[in-house]
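Notes follow the structure.
Just so it is clear, none of the values below were taken in a lab; they were calculated from the coordinates. Just so we're clear, the structure is a prediction, and the values are computed from it rather than from any experiment. Here the Cβ positions follow ideal geometry from the backbone for every residue, glycine too, while neighbour counts run over all protein chains shown.
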Amino acid sequence: MSKVIEMRYALAAIMLTGSIGTAGANDFPETRNSLSLEPIGTYATGVFDGSAAEIAAFDPTTKRVFVVNAEANAVDVLDIRNPRRLTLLFSIEMAPYGTVTNSVDVDRNVVAIAVENEVKTDPGRAVFFNVNGRYLSDVTVGALPDMLTFTPNGRKLLVANEGEPDDTYTVDPEGSVSIVDLRGNVRALSQRQVTTANFRRFNRADIDPDIRIFGPGASVAQDLEPEYIAISQDSRAAWVSLQESNALALLDIEAGRIDKLIALGFKDHSQARNALDASNEDGGINIESWPIRGMYQPDAIAAYSTRGESYIVTANEGDARDYDGFSEETTVGELVLDPAVFPDAAELQLPENLGVLTTTTATGDANNNGVFEEIYAFGARSFSIRDARGKLIYDSGVEFERITARLLPDEFNSDNTENDSFDDRSDAKGPEPEGVDIGRAFGRQYAFIGLERVGGIMVYDISDPRDVRFVDYVNNRDFDGDAEAGTAGDLGPEGVLFISSGDSPINVPLLIVANEVSGTTTVFRINREQD
């Protein structure tokens, strides 16, 4: 029996027995069982662990999906007119323009692709094609363009230039957002139509101390590394995730200016609702409260509006700076803990408790004396909803680990590169939520969150951001298969893309998931459940 079917029966059994709760940390989250996901078609590149399917974009006119194949430095173009039988039409080769393809988006028959320079610290490019793969134009953008997206009105393209340092940490370009003005003929684009929104104005500003600025010798502008962009429905504002710094930036698109930096704060894992399994050496599933602060550090973010207010949905993956020239990574067992704060330090630092949990040396030592007053974890193992000013409205707390522990007890916190890896990721970022998209279906608003490690998609009803309900979890992974042989199903969901019923080739909403490790792109049919 497939894991998808097993989990559907397990979830139904839980609901019928009335064991879903809302208060205690040991309870299954309250469920609004309004829809379900059904995998109906997959395209497989046959490439294992090579990033052969990362980010997906959809053209509703041609019913084509454009998928970043970083292993081939290309974008694969799939025909999904029959979503049960995905067909590779052709690939857009990116070698003439750069070394690594990072992102793709499509709007009004124009495909935009972000590609980084052979020297990743040098400026990259945004390259434009039509939907048939014919080259139109290209412009230079910032170093390491990691993500790009069209504004809803189609007039601008925004590019998140991460600006990572080189491995020696001796060359560290500034992070920035490139704004490409597309009004006019895309074939005639020039560099004059590119505006760079940088962070230099914050170099001498008093910024929130909770925004992590810690790269060796780096200015604020160098240390802030844009990861992902979400845009308001009116195309006037954008929010930019600054993952390593645990922050968001607010961008005024028309002015071409970063207006504000927003610290995301920290998650209190000592509270029962924020419990976690912190060790892969504890012999099982042990979701407990610990004296840890979680850094939200979102990867993908998305925006939506309800009742006239904008909200930001974040997938709280977590990420560390780990280079030959500088690394913040260590384990709790390697820290010197302040005995006044942690009188039970010896117990906490046992491998079966917190000793093997990955942590940072860059945060937690307030007076820089080598003794740590606080312990921080990368990521929050959750998704969050924030208002337009960054205030936390909702966080899923411990639910991702509770749900996977209940539905996949033998595969809890597995790694994404091999089966038989039970509990392997508990000492790092757990299920590691990475991708997110938002869509409206059957009169409700939903968030779809991909779990990079154990795999699968979490579905939540976010119609009311103050009354969020878990809806479904589906995992198209075969835990009895061989990952390297390509028989383990979908591994490492990276890009998550919602398609509305109006745009869908079969007139029902779909979800496209690009899976980085298995190199597969899978189409899920979104089914309405009967009350």
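Just the projected area, averaged over all directions, of the convex hull on the alpha carbon atoms of segment 265-376: how many nm²?
Here the figure is 9.5 nm², rounded to one decimal.
Evaluate the distance, in nm, between pseudo-label points positioned 7 Å from the Cα of residue 260 and of residue 170 along their respective Cα→Cβ axes.
Those two pseudo-labels are separated by 4.1 nm.
At 7 Å along Cα-to-Cβ for each site, give me the label-to-label distance between residue 206 and residue 307 in nm.
Rounded to a tenth, the inter-label distance reads 3.5 nm.
Kirkwood Rh over alpha-carbon pairs of segment 382-432, then Stokes-Einstein at 4 °C and 1.567 mPa s: what D in µm² s⁻¹, rounded to an integer?
It comes out at roughly 106 µm²/s.
Using unit Cβ charges (K, R positive; D, E negative) and no other charged atoms, how large, in debye to the nearest 20, is the dipole of segment 97-186 about its Cα centre?
Dipole of segment 97-186, to the nearest 20 debye: 740 debye.
Using +1 at the Cβ of each Lys and Arg and -1 at the Cβ of each Asp and Glu in the chain, identify which of 276, 144, 258 lies farthest towards the dipole's positive end.
About the Cα centre, the residue reaching furthest to the positive side is 258.
Once you have a ≥ b ≥ c as the square roots of the Cα gyration tensor eigenvalues for segment 173-232, tell me rounded if a/c is under 1.5, and otherwise prolate or oblate according to whether a/b is larger than b/c.
Here segment 173-232 falls in the prolate category.
Looking at 501, 52, 368, which one has the Cα that reaches farthest to the positive end of the dipole of the chain (charges on Cβ: Lys, Arg +1; Asp, Glu -1)?
501
Contour minus end-to-end for residue 191 and residue 331, with contour as 0.36 nm per residue of separation and end-to-end as the Cα-Cα distance? Walk me through the numbers before you get to the answer.
On the way: separation 140, 0.36 × 140 = 50.40 nm, distance 4.60 nm.
Once the chain is fully extended between residue 191 and residue 331, it gains 45.8 nm.
Apply the Karplus curve 6.51 cos²θ - 1.76 cosθ + 1.60, θ = phi - 60°, to the phi angles in segment 425-437 and return the couplings in whole Hz, x for Gly and Pro.
9, 5, 7, 10, 10, x, x, 6, x, 10, x, 8, 9
Ordered by packing density, taken as the mean number of other Cβ atoms within 10 Å over each peptide's residues, highest first, how do 31-44, 179-192 rank?
Details: 31-44: 18.5, 179-192: 14.1.
Going by the mean number of other Cβ atoms within 10 Å, highest first, we get 31-44, 179-192.
With only Lys, Arg, Asp and Glu charged, each at its Cβ (+1 for the first two, -1 for the last two), find how big the charge dipole of the chain is about the Cα centre; round to the nearest 20 debye.
Using Cβ point charges on Lys, Arg, Asp and Glu, the chain gives about 3140 debye.
Rounded, prolate or oblate: which one fits segment 24-160, using the alpha carbon gyration tensor with axes a ≥ b ≥ c (rounded when a/c is under 1.5, else prolate when a/b beats b/c, else oblate)?
Numbers: a/c = 1.70, a/b = 1.46, b/c = 1.16.
Taking the square roots of the gyration eigenvalues as a ≥ b ≥ c, segment 24-160 is prolate.
Going down the table (156/260; 120/156; 156/391; 260/429; 63/156; 63/267), which pairs top 31 Å between alpha carbons?
Numbers: 156/260 21 Å; 120/156 24 Å; 156/391 27 Å; 260/429 28 Å; 63/156 23 Å; 63/267 41 Å.
Check vs 31 Å cut-off fails for 63/267.
In vacuum, with every alpha carbon of the chain counted as one equal point scatterer, what does the Debye formula give for log10 I(q)/I(0) at q = 0.10, 0.11, 0.13 Å⁻¹? Two decimals, please.
-0.77, -0.94, -1.36
For a quick check of your reading of the filter: which trypsin sites (Lys or Arg not before Pro) in segment 433-531 sit in a DSSP loop and have no more than 14 other Cβ atoms within 10 Å? Spell out each step's value before the answer.
Working: sites: 440, 444, 453, 466, 469, 477, 525, 528; in loops: 453, 466.
Passing sites in segment 433-531 are 466.
Can you tell which of 153, 103, 68 lies farthest toward the positive end of the dipole of segment 58-165, using +1 and -1 charges on the Cβ of basic and acidic side chains (Lys, Arg; Asp, Glu)?
Toward the positive end, the furthest listed residue is 153.
What is the distance in Å between the Cα centroid of segment 396-432 and that of segment 321-335?
23 Å
With 23 Å as the cut-off, how large is the P(r) tail for segment 175-284, expressed as percent of Cα-Cα pairs?
44 percent
State, in angstrom, two size descriptors of segment 98-208 derived from its alpha carbons: Rg to one decimal place and Dmax to the nearest whole number.
14.5, 49
So what is the relative contact order for the chain, in percent, with contacts set as C-alpha pairs under 8 Å and at least six apart?
Relative CO of the chain lands at 15 percent.
How large is the charge dipole for segment 429-531, taken about the Cα centre, if only the Cβ atoms of Lys, Arg (+1) and Asp, Glu (-1) carry charge, to the nearest 20 debye?
Using only the charged Cβ atoms, the result is roughly 380 debye.
So, by mean Cβ neighbours within 10 angstrom, what's the order for 241-247, 151-157 with the highest one leading?
Values: 241-247: 26.9, 151-157: 18.1.
Ranked from most to least packed, the peptides come out as 241-247, 151-157.
Quickly estimate the mean residue ellipticity at 222 nm for the chain, helices only: each DSSP H run with n ≥ 4 gives -39500 (n - 2.57), and the total goes over all residues, rounded to 500.
-1500 deg cm²/dmol
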